[in-house]
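Please read the structure below before turning to the comments.
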Amino acid sequence: MTNFPHLLSPLPLPMLTLKNRIVMGSMHTGLEETANGFEKMAAFYARRAQGGVGLIVTGGIAPNIAGWVSPFAARMTAKKVAKHRLITQAVHQANGKIVMQILHSGRYGYHPFVVAPSRIKSPISPFAPWSLTANGVESTIEDFVKSACLAQEAGYDGVEIMGSEGYLINEFLVTKTNKRNDSWGGSFEHRMRFAVEIVKRTRACVGPQFIIIYRLSMLDLIPEGSQWQEIVQLAKAVESAGATIINTGIGWHEVRIPTIAAKVPRAAFTWVTQKLRGQVNIPLIATNRINDPRVAEEVLRENRADLISMARPFLADPEFVKKMANNQTQAINTCIACNQACLDYVFQKKRATCLVNPQACYETELIIKPAERKKKIAVIGAGPAGLAFALTAAQRAHEVVLFEQQSEIGGQFNLAKKIPGKEEFNETLRYFNYQLQTYGVKVLLNTKVTASHLAQQQYDCIVLATGIIPRVPEIEGIHNPKVMSYIDVISGKKSVGKSVAIIGAGGIGFDIADLLSHHPDIHPNQNIQDFLQYWGIDPLNEARGGVAGIMPLDVASLREIYLLQRKETKMGKNLGKTTGWIHRAELKRKKIKMICGVVYQKIDELGLHLLKDGQKQVLNVEHIVLCAGQLPNQELLPSIQTLQTPVIMIGGADVALELDATRAIRQGTELAAKI
Ligand code: FAD
Ligand code: NAP
Ligand code: SF4
């Protein structure tokens, strides 16, 4: 008996029946532009199909050069049909269904050939778009149609027409970006013609047996965005034009409101999809920040949508559906919405992968298969690096003993999970706890390992995953009782007064600033109503764009907080591309004083003495929190090297500089896959 009857119920469509209600949403992975990328994509998508997902949507493929997201991005042409067939055949062999997303970037494209309804530059691209001529509009529509027909020839089960997120089609819909006065601009009737004609002419070309999903921006989150009655009008028009399913789009990319990051509560936007129910007769897909099967089931049970789209959760765990169907939710490797190894990598022009699953997009390269010779391995330290190594080694049938000095596994994740907006880190710990048990790793908690411990047993290999030691900077007065480490603060060992200076503005400095400025009565990361109020979103979606005229909540910090760094560079420069701006925006709103280019002089009863622009200043604060980076913890190394057993170092114990959990988990997994 399944716990997920709604998610697992088939959905009959006019052309075929989907075996369940779960859609893997579109993600650009970078494989599209990689050498042998089609072979890799075939393996990537087939793995998700084997995992039981009902329908897959590919990453966005441009219909023409102007529609490229970036130079030489993936584009549909007749020459590519055979390559795409590798994907469709692999997915169909795995009993899956797959549609190709057609995405025209419009003015968001990062190249000189960008086009838009009008010549208005977007705030997130340096390239001003060329305004499409009337002929240009017609030929762009034809390119959409041609791409859809080529997708059909390549064996796809359908296409998704990307009409949201501020890309070209969305730009036609709103007056902010469409200033035309021909039959493609002006009234809403005219502005929506581009979207409707694409769907209508695509349907005419592909015939009735082909899925057309239209991704409709139901909440633009820009003040000049669509109004609710326009959204309904468009939904009805694309239905009449031949769309099979409507997918939900939330927020333009240029918007400074988070829509998928961990700071967004789970299922925060499903009420938007629900509002459209009953207005059209075709199925609706709910999206954004759904990563848990129980939450997804609830959305369907409460009739908020017909289908659930999850994208990143399928990077984190290709077997999400299979595990869910077997009621093994504990075994799911949950997406923690960090964006670190998926979206942030794509923005850095790197191949996407996943912080919690380094195999994602490396299906043909990072292969975990049974070991040729079983080894007995001691892993010291159950932080992300040690956990990943121990689990992978055990999956390969090695005998693994995992030592941890604390009373629980997780290492620094036990600190991270206490930061507002990082609650999802609990899920990774739940996953590892469950899987270590499943694969028979012997976990010895409360055990601070010494060389003599290890000498009691004969190990084939010792893995040093002992993490880091926080750096204590050499500043006069550093041992003053006012000074505390970030560990003392997060673990609650020491309480922090009403005024505080944070030394170091890296990831941890920002997290500490967030924690110390957190309002006890409002939980925008957890509670949907708080989230909407905090960011200034109309909970009824009646304001234009869902935001016009709505003020975000005033959330000045109750503490006086200084966040400091020595570098002159922008604060938080090394934070993730897709999340750093959220941290910076929040700290600004909370009136935290961010000061760069400081020279620390001393700490005494008056507070923290520093130089800024050559001028002496004293920050008269009650406490000073050190977040000044980390050093490798190799304390054990000299003694265990005497044991004559090979020693491998991973994670922070190996290299602490710029270490993050992505590197720790990948390094642990890759080494264990080879040992
Ligand atoms: P650790 O996590 O430090 O684990 C080492 C383990 O070894 C510890 O459990 C320790 O108790 C144990 N140990 C040490 N010596 C012994 C011994 N002698 N015997 C037994 N056990 C021992 N990273 C991200 O990627 N994204 C984030 O958003 C993020 N947020 C963070 C927020 C905070 C507040 C903090 C503190 C860190 C954050 N990090 C984040 C960093 C991330 O947690 C680390 O990169 C990661 O934990 C490093 O993993 P590790 O296994 O190398 O070391
Ligand atoms: P970090 O990002 O390297 O930042 C260290 C900070 O300390 C810098 O701001 C640095 O700035 C300062 N510093 C370095 N040496 C100093 C010294 N001798 N005296 C005074 N200040 C000094 O490291 P972290 O904040 O400790 O984070 C550790 C790792 O965890 C990071 O690599 C990060 O990737 C990861 N993490 C990630 C996230 C995330 O959201 N992705 C969150 C938390 C942690 P100046 O040198 O300019 O003063
Ligand atoms: Fe999710 Fe983070 Fe993995 Fe991206 S990197 S899929 S956000 S867990």
Item checked: All aspartates and glutamates inside 18 Å of Lys573 as judged from Cα atoms, apart from same-chain residues fewer than 8 positions distant -> Asp344, Asp511, Asp514, Glu586, Glu658, Asp660
Check: 222 nm [θ] for the chain, helices only, -39500 (n - 2.57) per DSSP H run of 4+, per residue, to 500?
Finding: -8500 deg cm²/dmol
Check: Given a Förster radius of 22 Å and the C-beta distance between Trp581 and Glu224 as r, what FRET efficiency does 1/(1 + (r/R0)^6) yield to the nearest 0.05?
Finding: 0.55
Note to self: Tell me the angle of helix 193-206 to the major Cα principal axis of the chain, expressed in degrees between 0 and 90 and rounded to the nearest ten.
What the structure shows: 80
Check: Which percentage, to the nearest 5, of the DSSP beta bridges contained in region 11-333 is antiparallel?
Finding: 5
Notebook entry, point to check: Percent of accessible area on region 11-333 owned by carbon and sulfur, 1.4 Å probe?
Noted result: 51
Next item on the list: Heads up, I need the accessible area for Ser240: 1.4 angstrom probe, whole protein in place, Å², nearest 10.
Entry: 110
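Which of the pairs Lys418/Lys591; Lys322/Lys417; Lys19/Lys236; Lys482/Lys602 have their Cα atoms more than 19 Å apart in this structure?
From the list (Lys418/Lys591; Lys322/Lys417; Lys19/Lys236; Lys482/Lys602), the Cα-Cα distance tops 19 Å for Lys418/Lys591; Lys322/Lys417; Lys19/Lys236.
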Next item on the list: Name the longest site-free stretch of the chain, where the excluded sites are chymotrypsin sites (Phe, Trp or Tyr not before Pro) in a DSSP loop with no more than 16 other beta-carbon atoms within 10 Å.
Entry: 128-675
Check: So, in Å, what gap is there between the alpha-carbon centers of region 223-272 and region 1-47?
Finding: 21
Margin query: Given the options Ala385, Asn426, Ile512, identify the residue whose Cα lies farthest towards the positive end of the charge dipole of the chain (+1 on Cβ of Lys, Arg; -1 on Cβ of Asp, Glu).
Written below: Ala385
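Could you order Lys375, Lys498 so the one with the most accessible surface comes first? Probe is 1.4 Å. Walk me through the numbers on the way to the answer.
Numbers: Lys375 50, Lys498 140 Å².
Per-residue accessible area, sorted high to low, gives Lys498, Lys375.
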Next item on the list: Let me know the number of lysine pairs in region 46-196 closer than 30 Å at the Cα, not counting same-chain pairs under 8 apart.
Entry: 12
Next item on the list: Pop the C-beta distance of Asn181 and Ile65 into the FRET formula with R0 = 41 Å and round what comes out to the nearest 0.05.
Entry: 0.90
Check: In debye, nearest 20: dipole of the chain around its Cα centre with unit charges on the Cβ of K, R (+) and D, E (-)?
Finding: 580
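What do you get for GluC sites (Glu not before Pro) in region 573-649 restricted to DSSP loop and a cutoff of at most 16 other Cβ within 10 Å of the site's Cβ?
Glu605, Glu622, Glu635
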Check: Taking the Cα centre of region 552-641 as origin and charging only Cβ (+1 Lys, Arg; -1 Asp, Glu), how large is the dipole, in debye to the nearest 20?
Finding: 520
Check: Quick one: length gained pulling His453 to Val81 fully straight, 0.36 nm per residue minus the C-alpha distance?
Finding: 127.9 nm
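With an 8 Å cut-off on Cα pairs and a minimum separation of 6 or more residues, tell me the relative contact order of the chain in percent.
Normalised by residue count, the contact order of the chain is 12 percent.
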Checklist line | Principal-axis tilt of helix 134-153 within the chain, Cα atoms, nearest 10 degrees | finding: 70
Notebook entry, point to check: For Lys375, which aspartates and glutamates qualify as cross-link partners when the Cα separation must be under 17 Å and same-chain residues fewer than eight apart are set aside?
Noted result: Glu399, Asp460, Glu670
Check: To the nearest 20 debye, what is the magnitude of the charge dipole of region 11-333 about its Cα centre, counting +1 on the Cβ of each Lys and Arg and -1 on the Cβ of each Asp and Glu?
Finding: 300
Next item on the list: Can you grab the distance from the C-alpha centre of region 579-613 to the C-alpha centre of region 333-386, Å, no decimals?
Entry: 35
Checklist line | Mean-position separation - Cα centroids, region 395-414 and region 55-116, in angstrom | finding: 42
Checklist line | Mean separation of Cα contacts under 8 Å (6+ apart) over length of region 11-333, as relative contact order % | finding: 16
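The values are calculated or read from the model by the stated rules, or taken from the named source; none is laboratory data. Values in this document were obtained by computation on a predicted structure and should not be read as measured data. As a convention, Cβ positions derive from the backbone with ideal geometry for all residues, glycine included, and neighbour counts pool all protein chains shown. Just the protein is used for accessible areas: all its heavy atoms, side chains included, with ligands, DNA and RNA removed. Shrake-Rupley method; radii C 1.70, N 1.55, O 1.52, S 1.80 Å.
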